[in-house]
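Asker: Supplied in structure tokens, the structure appears directly below.
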Amino acid sequence: MKEQINEERKQPLLTVSHLKKYFKISGKGMLHAVDDVSFEVYPGETLGLVGESGCGKSTVGNVLMQLLDKTDGNVNLNGKDMYKVPKKEICQQMQIIFQDPYSSLNPRQTIRTILSEAYIIQKICRKGPELDKRLLELCEAIGLAPELLDRYPHELDGGMRQVVGIGRALSLNPSFIVCDEPVSSLDVSVQAKIINMLMRLQRERGISYLFISHDLSVVRHISDRICVMYLGQVVEMADTDTIFANTLHPYSIALLSAVPRVSDTKVSRIVLKGDVPSPMNPKPGCRFAPRCWMARPECFEKDPEFQEVEPGHYVRCFYYEQSREEMKTAETTGITD
């Protein structure tokens, strides 16, 4: 496990406060994709963002990168309001690695052109010896053979395409990178290579990551802290060891019970009842209540606060104080993916 970030000695690189992103659906109202999300990312830290498909993970990343406009909330980068900083400066400090290595690269451009684009747009250097030197240095950093620079994306496999995507994000030497499920479409052996590369680059360059994924095994390996999202809200946040050893939110416990384990101890998979509520105009109350085996009347009437229950451990639940063992032994019959 990586060393935990000393939060008392470091100022956050990125601060997200009460971030909201709603989509207007004609004739239906507002879809609450991201609803009051707050977290911080520290220098050299990896914050994992996990949850089911459709919970709003990728939307958070797209809003941070200004690929989508926010509905409300504040995002500060190095203490500055990100929305008041010129986009050119933001691009130098923040980049994104997309999920799909096939659609995220222009099929009509060579790898050389794709990796050169940032240098030329940002006027760091023009075509010539200086650009060639930078490209060779970048190839060395990401383990890309220089002879591949004049090939097209369709000539590379998925793993090498994602390496190119990482190189593109790395070209301006940003301090923060959004990794939007960067290994979900790759084979397991290739996933390991990509994850190890990201961790090595972080050690060498001090990069901070927001690592978005639905794979808790991968997130556990790379993350210092983990945020668990459910229907647009963060329901639990703590350091990685705490999330796996002392989970408090019922939804987090259900997620962890589905993670494959190599162990002599048999762990029962918690299966959730009920239907997933609609994110369209959500009603008051805990959004997990319709599927929660611990739900009580007040869970359907008012929203639980996202509160710090112990140093660095935040939970959005009325009954977090109940032991993990008690919740795991509750009568359940299934989990809905």
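Asker: At least 2 residues that are buried (at least 22 other Cβ atoms within 10 Å of the Cβ) in each: list the strands (runs of 3 or more DSSP E) lying fully within the stretch 46-97 that qualify.
Answerer: 46-50, 94-97
Asker: Applying the selection to the stretch 285-301, what residues are more than 27 Å from the chain's Cα centre (by Cα) and free of Cβ contacts under 8 Å to residues at least 40 places away in the same chain?
Answerer: ALA295, ARG296, PRO297, GLU298, CYS299, PHE300, GLU301, listed by residue number.
Asker: Go through (1) open to solvent by 50 Å² or more (accessible area, probe 1.4 Å); (2) over 27 Å from LYS57 (Cβ atoms); (3) of a type outside the set (S, T, N, Q) for TYR102 and report which single condition fails.
Answerer: Unmet for TYR102, out of (1) open to solvent by 50 Å² or more (accessible area, probe 1.4 Å); (2) over 27 Å from LYS57 (Cβ atoms); (3) of a type outside the set (S, T, N, Q): (2).
Asker: Quick check on the stretch 9-31: of everything there that is within 11 Å of MET280 (Cβ to Cβ) and in a strand (DSSP E or B), which residue is most open to solvent (accessible area, probe 1.4 Å)?
Answerer: Taking the candidates together, the pick is LYS24.
Asker: More than 30 Å from LYS302 (Cα to Cα), modelled with pLDDT of 90 or more and touching a Phe, Trp or Tyr at 6+ places or on another chain (Cβ under 7 Å) - does that describe any residue in the stretch 232-255?
Answerer: Within the stretch 232-255, none of the residues are more than 30 Å from LYS302 (Cα to Cα), modelled with pLDDT of 90 or more and touching a Phe, Trp or Tyr at 6+ places or on another chain (Cβ under 7 Å).
Asker: Looking at the stretch 108-125, is at least one residue out of contact with any Asp or Glu (no Cβ under 9 Å at 6 or more places or on another chain), surrounded by fewer than 16 Cβ atoms within 10 Å (Cβ to Cβ), of a type outside the set (Gly, Ala, Ser) and within 27 Å of HIS214 (Cα to Cα)?
Answerer: Within the stretch 108-125, none of the residues are out of contact with any Asp or Glu (no Cβ under 9 Å at 6 or more places or on another chain), surrounded by fewer than 16 Cβ atoms within 10 Å (Cβ to Cβ), of a type outside the set (Gly, Ala, Ser) and within 27 Å of HIS214 (Cα to Cα).
Asker: When you check ILE177 against the structure, is it under 30 Å from ARG108 (Cα atoms), open to solvent by less than 10 Å² (accessible area, probe 1.4 Å), out of contact with any Cys (no Cβ under 9 Å at 6 or more places or on another chain) and at pLDDT 95 or above, yes or no?
Answerer: So ILE177 passes the test.
Asker: Let me ask something additional. Scan (1) over 18 Å from VAL163 (Cα atoms); (2) touching a residue at least 24 places away in the same chain (Cβ under 8 Å); (3) of a type in the set (Gly, Ala, Ser) for the single condition ALA245 breaks and write down its number.
Answerer: (2)
The values are calculated or read from the model by the stated rules, or taken from the named source; none is laboratory data. Worth saying up front: this structure is predicted, and the values here are computed from it rather than measured. No Cβ is skipped: glycine too gets one built from the backbone with ideal geometry, and neighbour counts run over all protein chains shown. Just so you know, the surface numbers come from the protein's heavy atoms only, side chains and all, with ligands and any DNA or RNA stripped out. Shrake-Rupley method; radii C 1.70, N 1.55, O 1.52, S 1.80 Å.
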